[in-house]
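The values are calculated or read from the model by the stated rules, or taken from the named source; none is laboratory data. Everything numeric here is computed off the predicted structure, so don't read it as measured data. No Cβ is skipped: glycine too gets one built from the backbone with ideal geometry, and neighbour counts run over all protein chains shown. We work out accessible area using only protein heavy atoms, side chains counted, and drop any ligands, DNA or RNA first. Shrake-Rupley method; radii C 1.70, N 1.55, O 1.52, S 1.80 Å.
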Amino acid sequence: MGRSLKLAAQALAVAGVAGLLALLVWRVVHQNRNTVAVQIAHGKTGPAPAFSLPRLEGGGKVSLASLRGKAVVVNFWASWCAPCKREAPALERSWKQHSRQGLVVLGIDANDVSGDARRFARKLGITYPLVHAPTTIWDDWGVTGVPETFFVDRRGRLVDVHVAGPVFDGTNRGKYERGLRLALRPV
Amino acid sequence: MRLVVTAVAALALAAPALASDAHPTLNELEGEVMCPICHTTLDQSSSAAAQRIKAFIVRRIRAGDSKSEIERRLVADFGPAILAQPPKHGFDLLAWLLPIAGILAGAVAVGLAAWRWTRRREPEPALVGVGPLDPELERRLDDELRRFDE
């Protein structure tokens, strides 16, 4: 009786440890390593991940699918980000300059208090569409900080340009212009 | 009587919890809300994002929001991961159940060990229920004892 009880307890302990290890392995395997940033770094330019996000002001949602046929600059920002304040006027100029060619600058505010983001947008007079997203969107796109910018072409496919940092700082200006040119190419 | 004591104890414990929900403090919420950029609680972070969230909490406390209202607003803006406590559903439920299961398993193990330990302290079965001595052995023992008395 004592021996079988001891064996049962040992088996239970081993099963417990094995269960915890299985959980750890499952979590590691299911980590999202196939982010947009990683795809672009590997030169893969497949379809951009679909999303439908609430507008920061005015209600309603904006989905990436609804922008098919347009070139989209996907810009991640937050109201607490100082470089974003410097970048927003430049994006506003770019959007006004190229909107007739079918360009949409879409600002995705994430990891931010939406009220602060609205005040930020009003203060800077941003007119391009702005949406608010939950924290998880950073993981899907592989965003590691703000501002970061991606490009989606008229067919809804990623362009292999990823700008980390303000789009008009240093070498980022060249990257931004290349991304814009590739995204605006006619279908 | 026992029922009255239980009710009084429950009320005594519930009162501070209700007061905390109605009148939360920044200190209290700083330990329960995460900084989404640095993945630590707000009280351990001085990042720009954490500062903004702390300022938001202060504004909502001044506006008279309860703790649960502030948490609901934060979840609406950031998602459920903004709360340090994992949700009590889906896969995250394991974070709540595993420690309880561990404590129960530990209690069972300690109980079993204690039970076995007490059993070992009972008299050895070999010393209990010894039968009558062999007549020859008994006679020799009597002789020895008589010689000892002389």
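Has the range B:113-120 got any residue that is surrounded by 12 or more Cβ atoms within 10 Å (Cβ to Cβ) and modelled with pLDDT under 80?
Start the filter on the range B:113-120 by keeping residues that are surrounded by 12 or more Cβ atoms within 10 Å (Cβ to Cβ), which leaves B:116.
Those still in the list that are modelled with pLDDT under 80 too: none.
The answer is no; no qualifying residue exists.
Condition first: over 23 Å from A:ILE137 (Cβ atoms) and touching a Gly at 6+ places or on another chain (Cβ under 7 Å). Can you find one or more residues in the range B:46-56 that meet it?
For the range B:46-56, residues over 23 Å from A:ILE137 (Cβ atoms) and touching a Gly at 6+ places or on another chain (Cβ under 7 Å): absent.
As an exercise: evaluate B:ALA84 against (1) out of contact with any strand residue (DSSP E or B) (no Cβ under 6 Å at 6 or more places or on another chain); (2) in contact (Cβ under 8 Å) with a residue 24 or more places away in the chain and give the number of the one condition it does not meet.
Of the numbered conditions (1) out of contact with any strand residue (DSSP E or B) (no Cβ under 6 Å at 6 or more places or on another chain); (2) in contact (Cβ under 8 Å) with a residue 24 or more places away in the chain, the odd one out for B:ALA84 is (1).
Restricting attention to the range A:9-58, which residues are open to solvent by 50 Å² or more (accessible area, probe 1.4 Å), of a type in the set (S, T, N, Q) and not in a loop (DSSP other than H, G, I, E, B)?
Scanning the range A:9-58 gives A:GLN10, A:SER52.
Working carefully through the options A:LEU64, A:LEU21, A:LEU91, A:LEU106, find the one that is over 21 Å from A:GLY165 (Cβ atoms) and modelled with pLDDT of 90 or more. Break it down into steps so the answer makes sense when it comes.
Details: A:LEU21 fails: modelled with pLDDT of 90 or more; A:LEU91 fails: over 21 Å from A:GLY165 (Cβ atoms); A:LEU106 fails: over 21 Å from A:GLY165 (Cβ atoms).
Matching residue, one of A:LEU64, A:LEU21, A:LEU91, A:LEU106: A:LEU64.
Can you name every residue in the range A:61-82 that is free of Cβ contacts under 8 Å to residues at least 40 places away in the same chain and more than 14 Å from every other protein chain (Cβ to nearest Cβ)?
Just the residues of the range A:61-82 that are free of Cβ contacts under 8 Å to residues at least 40 places away in the same chain, to begin with: A:63, A:66, A:80, A:82.
Hits for the range A:61-82 are A:SER63, A:SER66.
Would you mention how many residues in the range A:59-80 are part of a loop (DSSP other than H, G, I, E, B), closer than 18 Å to A:THR127 by Cβ and under 17 Å from the mean Cα position of the chain (by Cα)? Working first, answer last.
Applying the first criterion (part of a loop (DSSP other than H, G, I, E, B)) to the range A:59-80 yields A:59-60, A:64, A:68-70, A:78-80.
The next check asks that each one be closer than 18 Å to A:THR127 by Cβ; those that pass are A:59-60, A:70, A:79.
From what is left, the residues that are under 17 Å from the mean Cα position of the chain (by Cα) are A:79.
Qualifying residue count for the region: 1.
Mind checking which residues of the range B:30-52 are within 14 Å of another protein chain (Cβ to nearest Cβ) and in contact (Cβ under 8 Å) with a residue 24 or more places away in the chain?
Those that are within 14 Å of another protein chain (Cβ to nearest Cβ) and in contact (Cβ under 8 Å) with a residue 24 or more places away in the chain: B:VAL33, B:MET34, B:PRO36.
Name the helices (runs of 4 or more DSSP H) wholly within the range A:81-187 that hold at least 1 residues that are within 23 Å of A:VAL36 (Cα to Cα) and open to solvent by less than 10 Å² (accessible area, probe 1.4 Å)?
Details: elements: A:82-98, A:114-124, A:136-141, A:172-184.
Hits in the range A:81-187: A:82-98, A:136-141, A:172-184.
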